[in-house]
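Quick notes on the structure that follows.
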Amino acid sequence: MARKPKTDIEPRLPSREEILAFVATQTGRVGKREVARHFGLTGNDKIALKKLLRGLIDDGLVTKGRGKLAKSGRPPPVQVADITHRDADGDLIASPVEWDEDAHGEAPAIVLSVSHRPRHGDPVPGVGDRVLLRLDETDDEVDERPTGRVMKILEKGRPRMVGLFRKNEHGGRLVPIDKKNAGKEMLIPAEATLGAADGDLVAVDLIRTTRFGPPMAKVKERLGPVGSEKAISLIALTAHGIPYVFREDTLKEAERVKPAMLAGREDWRALPLITIDPPDAKDHDDAVYAEADPSPDNPGGFIITIAIADVAAYVRPGSALDREAAIRGNSVYFPDRVVPMLPERISNDLCSLRPLEDRPALACRVVIRPDGRRKSHSFHRIMMRSAAKLAYAQAQAAIDGRTDETTEMLVGPILKPLYDAYEALKRARDDREPLDLDLPERKIMLKSDGTVDRVVVPLRLDAHRLIEEMMILANVCAAETLEKHRTVCMYRIHDAPSLEKLSALREFLKTMDIALPQAAQVRPANFNGILARAATTDQAELVNQVVLRSQSQAEYSPENIGHFGLNLRRYAHFTSPIRRYADLLVHRGLIKALGFGEDGLTEAEASSFAERGAEISAAERRAMAAERETVDRLIAAHLADRVGEIFSAKISGVTRFGLFVRLEDTGADGFVPAASIGGDYFRHEPNAQALIGDRTGETYRLGDTVAARLVEAAPIAGALRFELVSDGRAGLARKPRPGHMQGRRDGGSNRPYGPRPGVKSKKRGHKR
């Protein structure tokens with residue numbers, strides 16, 4: 001067939017400038033069809049047009065939504081955005097994900113509309129989330145910023161990727177350092193390296209992903225060489241998006257703050273309150289005092305005073321200090337540094353309850369009966385002067401008869417009444433029966449160069465328990481007072497274990513001949529009975545760990561469901577406003593409810609408590625993850641030169657892929673791949689929390705003590721790999737299935753994992 005000749009009037013493909021000019025002149029949104037019709041394009045020209053439009057979108061010159069185009073500068077009506085911060089009014093602000101700042105300037109700040117009263121368990125957007133939102137059509141002349149409504153949370157708290165920068169002729173590539181992203185390299189164009197040198201630690205943001213090949217990234221922060229001072233904790237801070245450098249306006253505001261005065265406060269400076277803290281504590285936010293109740297209708301009772309630093313006097317709603325504290329959510333504690341929620345001028349100076357210095361505080365005065373039950377309580381806004389600063393061990397030594405120069409004069413008038421009051425509170429605690437887990441907490445001690453010296457398990461003293469019980473007492477009183485005055489409260493809530501977790505725990509306990517009641521509502525006392533039964537056995541630590549894993553995670557919310565672990569109907573964090581934003585909100589609520597001043601909770605704050613609760617809960621979780629990862633990296637670096645050594649360990653986790661083990665001397669966690677375990681086919685038995693050999697019945701179970709050889713240590717990833725050099729416990733072999741190939745104890749294996757290291761085997765082609 002003859003080809004149809006071209007005519008002189010065939011349309012040509014428009015230039016990029018012509019397409020941009022056309023899109024910009026349209027009042028509505030246009031698509032490829034409208035562009036093709038306008039320029040008279042047909043047939044194969046439409047394919048070329050599609051590529052041209054794709055290039056304009058990739059370069060950020062036009063935006064796309066629902067298959068339509070709009071001139072750049074106007075966000076599409078439905079789009080993906082990252083929630084970046086809160087403004088001075090407490091509104092969440094989002095920024096479009098696809099936006100070219102170099103070409104079009106700063107991205108628009110989209111004000112989000114969210115429900116202020118979501119149901120418990122509903123996802124609530126917070127700072128750091130990636131969301132799908134729909135823009136509202138508004139002609140608001142007062143606030144020109146676009147507004148939008150969250151349709152769906154796509155991803156909670158998107159942290160930056162951190163890794164090693166490897167330079168090449170095209171720019172470089174990122175080698176991720178965290179375990180979950182191992183092997184997921186990213187390409188970094190030459191113009192996006194930010195001057196990083198080969199081998200530097202860098203933090204990157206994702207630019208775009210492609211159907212084929214690695215994703216593209218842009219360096220947003222250079223963290224310096226791997227071996228630089230404090231690099232390990234810096235990795236965790238950056239990877240989890242935790243702010244660690246205060247903004248300039250925050251620091252300037254902190255320096256301008258004047259000390260609080262006595263006006264408007266009760267003068268309690270003569271009351272000999274004392275602080276009891278760790279020996280290295282720099283901020284002291286709680287002080288205590290107790291005395292016998294002189295009232296004749298409460299013989300044997302006590303009056304307990306718990307005074308908490310009045311942070312609300314210095315950190316006002318909507319201020320620079322407040323905005324940054326809300327973003328941080330809490331202080332973060334690493335072995336080599338502390339990342340505070342508030343600048344040192346506030347946390348370590350004006351708010352720290354230093355001895356013999358006047359400090360503003362909110363005080364809870366509680367009258368208790370001899371059995372520890374509360375008779376009454378009241379809150380006061382005061383000026384106090386701490387009589388002494390003690391460490392836990394120092395206070396305990398004094399009450400045990402080993403006084404020093406500081407405590408000699410405090411034992412009779414101050415420490416003895418405190419411990420007597422604690423004994424009463426302990427009786428009430430025993431009657432309440434909260435969950436009583438026994439899980440020793442390890443502490444890493446560092447050398448002067450920042451490397452690990454040793455790992456210790458600090459002794460838990462009555463001094464620790466005394467402060468803990470008095471803080472719980474004040475927290476309960478705070479929640480009850482806010483409820484009584486019908487003021488919104490940021491509760492600390494802890495749900496009961498889910499039915500799925502209870503079922504899994506019940507099946508596991510059956511393998512140990514321990515029964516968990518089939519009660520409709522399990523209470524902490526049920527778990528305590530199980531823990532008490534296991535306390536005298538070699539499985540005590542195992543049972544504590546498994547019971548812990550069955551529990552729900554505590555969080556912050558204005559919707560009260562009680563605190564399961566503490567067995568309390570209402571509970572709020574009130575006692576650490578220097579390091580927890582939730583406590584600051586509770587302080588402001590009390591100030592408003594009790595008429596203590598003009599710096600209490602605002603209506604804007606109260607209306608956004610649901611979102612705030614979700615945000616500070618997420619901040620707490622990211623802090624815990626960062627702290628845990630930093631410890632893992634420090635321990636891995638500490639053990640890097642001990643590859644090949646054999647350690648005593650306990651199995652801390654069982655999966656079908658292998659075993660997690662925890663070293664008994666350092667508490668370090670590592671993994672034993674299933675490929676390195678024995679010459680048998682090991683099946684994962686979830687109910688028994690064990691790997692069991694098909695042919696031999698050899699069993700490796702959660703909590704078992706094993707000997708493990710360190711095979712590999714990766715300090716930057718915080719990963720340790722081990723192999724077992726001890727046999728599992730003897731057990732009954734499974735009855736083989738018909739046609740099932742049987743392995744041999746001399747090393748032959750019917751499984752793809754292979755034999756125990758050091759044992760020769762014949763290759764077999766069996767697949768499972």
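The values are calculated or read from the model by the stated rules, or taken from the named source; none is laboratory data. On a predicted model such as this, the values are computed, not experimentally measured, just so you know. Heads up, the Cβs are rebuilt from the backbone with ideal geometry, glycines too, and the neighbour counts pull from every protein chain shown. Note: accessible area is taken over every heavy atom of the protein model, side chains too, but ligands, DNA and RNA are not part of it. Shrake-Rupley method; radii C 1.70, N 1.55, O 1.52, S 1.80 Å.
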### Query
R729 versus I47, label points 7 Å from Cα toward the beta carbon: distance in nm?
6.8 nm
### Task
Return one whole number: the accessible area per residue of region 209-362 in Å², for a 1.4 Å probe.
44 Å²
### Fraction of accessible area attributable to carbon and sulfur, region 529-682 (%, probe 1.4 Å)
52 percent
### Message
How high is the relative contact order of region 249-345? Use alpha-carbon pairs under 8 Å, at least six apart in sequence, and give a whole percent.
### Response
25 percent
### Full-extension gain in nm, T537 to R442, via 0.36 nm per residue minus C-alpha separation
32.0 nm
#### Entry: Whole-number D in µm²/s for region 590-729 (Stokes-Einstein; Kirkwood sum over Cα pairs; 20 °C, 1.002 mPa s)
119 µm²/s
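Which FRET efficiency value, to the nearest 0.05, is calculated for D430 and E645 with the Förster distance at 41 angstrom and r the Cβ-Cβ distance?
Numbers: r = 45 Å, r/R0 = 1.09.
For D430 and E645, the calculated efficiency is 0.40.
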### Task
State whether region 285-411 is rounded, prolate or oblate according to the following rule on the C-alpha gyration tensor (a ≥ b ≥ c being the square roots of its eigenvalues): a/c under 1.5 gives rounded; otherwise a/b larger than b/c gives prolate, and the remaining case gives oblate.
oblate
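Given Cα pairs under 8 Å that are at least 6 residues apart, what percent is the relative contact order of region 552-662?
17 percent
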#### Entry: Local electrostatic count at E248 - Lys and Arg +1, Asp and Glu -1, tallied over other residues with Cβ under 14 Å
+1
### Pairs from K152/K220; K230/K282; K220/K443 whose Cα-Cα separation, in the structure shown, is over 29 Å
K220/K443
### Task
For E483 paired with K501, estimate the spin-label separation in nm (one decimal), with each label point 7 Å from Cα along the Cα-to-Cβ line.
2.3 nm
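At 1.4 Å probe size, with every protein chain present, just tell me what the per residue accessible area of region 401-456 comes to in Å².
Numbers: 3500 Å² over 56 residues.
In whole numbers, region 401-456 has 62 Å² accessible per residue.
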